[in-house]
1. In this structure, is Glu138 not β-branched (Val, Ile, Thr) and not in a loop (DSSP other than H, G, I, E, B)?
2. Out of Ala58, Ala18, which single residue is assigned by TED's automatic domain parsing to the domain that holds Asp94 and not hydroxyl-bearing (Ser, Thr, Tyr)?
3. List every residue pair whose Cβ atoms sit under 9 Å apart, with the two residues 6 or more apart in sequence or on different chains, where the first one lies in the stretch 18-38 and is over 10 Å from Val117 (Cα atoms) and the second, anywhere, is part of a loop (DSSP other than H, G, I, E, B) and basic (Lys, Arg).
4. Out of the residues in the stretch 87-113 that are loosely packed, with under 15 Cβ neighbours inside 10 Å and β-branched (Val, Ile, Thr), state the one that is farthest from Leu74 (Cα to Cα).
5. Collect the residues in the stretch 37-91 that are among the hydroxyl-bearing types (Ser, Thr, Tyr) and either closer than 17 Å to Gly26 by Cα or part of a helix (DSSP H, G or I) (or both), keeping them in residue-number order.
6. Quick one: Ile171 ticks every box in (1) buried (at least 17 other Cβ atoms within 10 Å of the Cβ); (2) over 24 Å from the mean Cα position of the chain (by Cα) except a single one, so which number is it?
7. Given the conditions (1) acidic (Asp, Glu); (2) surrounded by 13 or more Cβ atoms within 10 Å (Cβ to Cβ); (3) part of a helix (DSSP H, G or I), report the number of the one that Asp165 does not fulfil.
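The values are calculated or read from the model by the stated rules, or taken from the named source; none is laboratory data. Everything numeric here is computed off the predicted structure, so don't read it as measured data. Here the Cβ is made from the backbone with ideal geometry for all residues, glycine too, and neighbour counts use every protein chain on show.
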Amino acid sequence: MHDDIFKHTKESMSKSLASLQGELAGIRTGKANPGLLDNIKVMYYGQTVPLKQVANIAVPEARLITIQPWEKTLVPEIEKAIRASELGLNPQSDGVLIRLPIPPLTEERRKDLVKVVKRYAEECRIAVRNIRRDANEEYKKQEKLHDLSEDNMHDLQSEVQKLTDDFIKHIDEVIAAKEKEIMEI
């Protein structure tokens, strides 16, 4: 029972970190990266689907992404979705292939992106702390039901705190790397 709580806590924290990493992949850094397009969705036969499910995405150069839809009819839909996104990119198409030149970032835009990254990090830290709180409450319930001694409860809460500290440290490392990547010219 107690192992289940800890296991669930660890899984939840891992999911929060994975979610943060997914969000960060979608932040433009001045270098071409197919991950930029992970959050782009397009209409395909009446359904909204991720872009990578309907096209091949490649990075032939450091500042260029190419998108080759599996069906030519998707080209205008993909262009529209990219323009509507917050990426600030301008797709260029020849009717078959879409080219996405990645312009260098201005200093001001870099600072704005760092603020966004820090906001995502804080949201992730809050999520991890909330998961810690939920686990600690579960242990307290176990103790009240006499399924757990007070000493065991404190030991388990200490383990959850150590796990929380490890995840917060990992979040900070991921954020520091992303900030460095954004500020790199």
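1. yes
2. Every option except Ala58 fails the conditions.
3. Once the first residue is over 10 Å from Val117 (Cα atoms) and sits in the stretch 18-38, its partners that are part of a loop (DSSP other than H, G, I, E, B) and basic (Lys, Arg) give Gly30/Arg63; Lys31/Arg63; Ala32/Arg63; Leu36/Arg28.
4. Looking at residues that are loosely packed, with under 15 Cβ neighbours inside 10 Å and β-branched (Val, Ile, Thr), I get Thr106.
5. Thr66, Thr73, Ser85
6. All conditions are met except number (2).
7. (2)
Residue-by-condition table, conditions (1) farther than 30 Å from Glu86 by Cα; (2) free of Cβ contacts under 8 Å to residues at least 24 places away in the same chain:
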position: Glu108; (1), (2): no, yes
position: Val116; (1), (2): no, no
position: Arg125; (1), (2): no, no
position: Lys141; (1), (2): yes, yes
position: Ser158; (1), (2): yes, yes
position: Phe167; (1), (2): no, no
position: Ile171; (1), (2): no, no
